[in-house]
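**Student:** Sharing a structure with you now.
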Amino acid sequence: MNSSNTYNTVKEQDKNKPFFQFRSNRLIFLICILIATLFWLLIKLSDVYSVNYDFRVTYNNAPPDSRLTKVIDSTLNLNLTARGFAILKMSLFDDMENLNINLDSYTIENKGGIRYSISTQELTKKLAEIIGVSEKDIKFSKATLTFDMEKTSEKLVQVLPDYTINFMNQYDLYNDVRTDPNVIMVYGSQNILDTLSTIHTKKLILENVMTDMVKKVEITNPDPALLSFEEYEVSLHFKVEKFTESEITIPINLNNLEYKIKTFPSQVKVYYRVAQIDFNEVKAHQFNIHPVINNIDIMQANKLPLKLSKQPDFVRNVRIVPSDVEFLIIK
């Protein structure tokens with residue numbers, strides 16, 4: 001019985017052996033093909049090639065006091081001599097159809113009137129550094145790229161911050177938000193500038209605020225095609241303090257009235273919010289409350305409304321209790 005089992009096991013192993021050998025041989029063959037292909041590719045990429053690219057040229061970032069009005073040279077051909085590695089890198093990671101020229105990075109030469117140009121020699125130098133080839137291996141079809149650019153009018157315009165701020169409990173702005181700079185130079189045609197009195201920042205939303213903050217915010221350009229800015233962002237400064245509710249008793253001021261009267265009560269409570277750093281600065285003499293008798297028939301009236309005509313700058317949400325008082329005319 002044991003001899004029979006041993007025979008069957010050996011027979012089964014012999015039966016499977018060719019299959020495993022086939023799989024192993026096929027794997028080795030595929031690895032060899034892959035290695036051969038890799039070496040072939042490395043050899044080919046090490047060779048030097050000459051290729052041509054045709055670009056559509058666009059321009060941006062003209063000087064702030066100028067506006068691009070016409071593109072003369074909108075196409076450019078590039079002949080590049082480089083190893084296959086560099087060409088493959090460019091083809092995989094760069095846009096080889098569009099060439100965006102940042103005018104802020106080039107020397108702009110005036111050719112007379114509104115005609116300007118930049119030299120492709122500067123472009124050659126920048127491209128050679130990026131690709132890692134010699135400048136002589138890069139040849140552009142044009143020595144210069146030409147465009148028309150007009151000088152624009154200018155105007156100082158106020159920047160208004162656009163924000164929503166939600167505070168933690170008891171916290172609030174201590175003073176107005178400061179914009180730095182609060183005015184910027186705007187460039188554009190005179191007829192557009194004449195209609196422009198203010199510009200706004202992009203919307204800023206702040207949540208759960210309880211400390212001072214400085215945030216940089218972009219300025220919204222209402223017409224990017226026709227307007228440009230000297231600055232494109234501003235800093236918003238938020239001064240934040242903890243506030244508390246408080247009250248103070250203030251006598252009603254009866255001086256300088258047309259009639260001599262006596263009020264009941266003679267003093268009122270003033271409720272207000274104040275920053276904790278200013279809590280001890282609040283004094284009674286900083287408030288002035290008096291009855292309003294203008295446009296009131298004092299002989300028929302039962303009560304007179306009260307008006308707060310003076311208060312410290314650092315208190316807010318002021319309420320007078322009571323807001324009106326009974327009175328007696330003294331003969």
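The values are calculated or read from the model by the stated rules, or taken from the named source; none is laboratory data. Predicted model, so just to flag it, every value in this text is computed and none were measured. Cβ atoms come from the backbone with ideal geometry, glycine included; neighbour counts cover every protein chain shown.
**Student:** Within the set of pairs 6 or more residues apart or between chains, which connect a residue that is under 23 Å from Q276 (Cα atoms) inside segment 305-321 to a residue that is assigned to a strand (DSSP E or B) and of a type in the set (F, W, Y) with Cβ atoms less than 6 Å apart?
**Tutor:** From residues that are under 23 Å from Q276 (Cα atoms), the pairs are V315/Y272; V318/Y272; R319/Y271.
**Student:** Return the only residue of L145, L156 being loosely packed, with under 13 Cβ neighbours inside 10 Å and modelled with pLDDT of 90 or more.
**Tutor:** L156
**Student:** Still on this structure, please answer the following. Pick from segment 200-215 the residues that are outside any strand (DSSP E or B) and more than 16 Å from E241 (Cβ to Cβ): which of them is farthest from the chain's Cα centre (by Cα)?
**Tutor:** Restricting to residues being outside any strand (DSSP E or B) and more than 16 Å from E241 (Cβ to Cβ), the top hit is K203.
**Student:** Could I ask something else about it? Looking only at segment 243-251, decide whether some residue is surrounded by fewer than 13 Cβ atoms within 10 Å (Cβ to Cβ) and among the acidic types (D, E).
**Tutor:** Yes, that holds for at least one residue.
**Student:** Exactly one condition in (1) more than 49 Å from the chain's Cα centre (by Cα); (2) part of a strand (DSSP E or B); (3) surrounded by 15 or more Cβ atoms within 10 Å (Cβ to Cβ) is false for K262; which is it?
**Tutor:** So K262 meets the others, but not (3).
**Student:** OK, next. Note down all Cβ pairs under 6 Å where the first residue falls in segment 180-198 and is surrounded by fewer than 11 Cβ atoms within 10 Å (Cβ to Cβ), the second is part of a loop (DSSP other than H, G, I, E, B), and they're at least six residues apart or on different chains.
**Tutor:** Between residues of segment 180-198 that are surrounded by fewer than 11 Cβ atoms within 10 Å (Cβ to Cβ) and residues that are part of a loop (DSSP other than H, G, I, E, B), there is no close pair.
**Student:** Going through segment 147-164 one residue at a time, which ones are out of contact with any Phe, Trp or Tyr (no Cβ under 7 Å at 6 or more places or on another chain) and either assigned to a loop (DSSP other than H, G, I, E, B) or closer than 30 Å to F314 by Cβ (or both)?
**Tutor:** Within segment 147-164, Q158, V159, L160, P161, D162, Y163, T164 meet the criteria.
**Student:** Next question, about the same structure. Please give the strands (runs of 3 or more DSSP E) falling wholly within segment 289-331 in which 3 or more residues are closer than 28 Å to Y174 by Cα.
**Tutor:** 303-310, 315-321
**Student:** Is segment 268-288 home to any residue that is touching a strand residue (DSSP E or B) at 6+ places or on another chain (Cβ under 9 Å), more than 27 Å from N175 (Cβ to Cβ) and outside any strand (DSSP E or B)?
**Tutor:** no
**Student:** Please enumerate the residues belonging to segment 292-304 that are β-branched (V, I, T) and either in contact (Cβ under 8 Å) with a residue 12 or more places away in the chain or touching a helix residue (DSSP H, G or I) at 6+ places or on another chain (Cβ under 9 Å) (or both).
**Tutor:** Correct list: V292, I293, I298.
**Student:** Test T179 against the stated conditions and say whether it is modelled with pLDDT of 95 or more and assigned to a loop (DSSP other than H, G, I, E, B).
**Tutor:** No.
**Student:** In addition: Could you pull out the residue among T220, T263 that is outside the structural domain of T69 (by TED's automatic domain parsing), over 30 Å from Q170 (Cα atoms) and in contact with a Lys or Arg (Cβ under 8 Å, 6 or more places away or on another chain)?
**Tutor:** Going through T220, T263 in turn, the sole match is T220.
**Student:** Continuing with the same structure: Residue check: is N100 assigned by TED's automatic domain parsing to the domain that holds T69, part of a strand (DSSP E or B), modelled with pLDDT of 90 or more and under 30 Å from K151 (Cβ atoms)?
**Tutor:** No, not satisfied.
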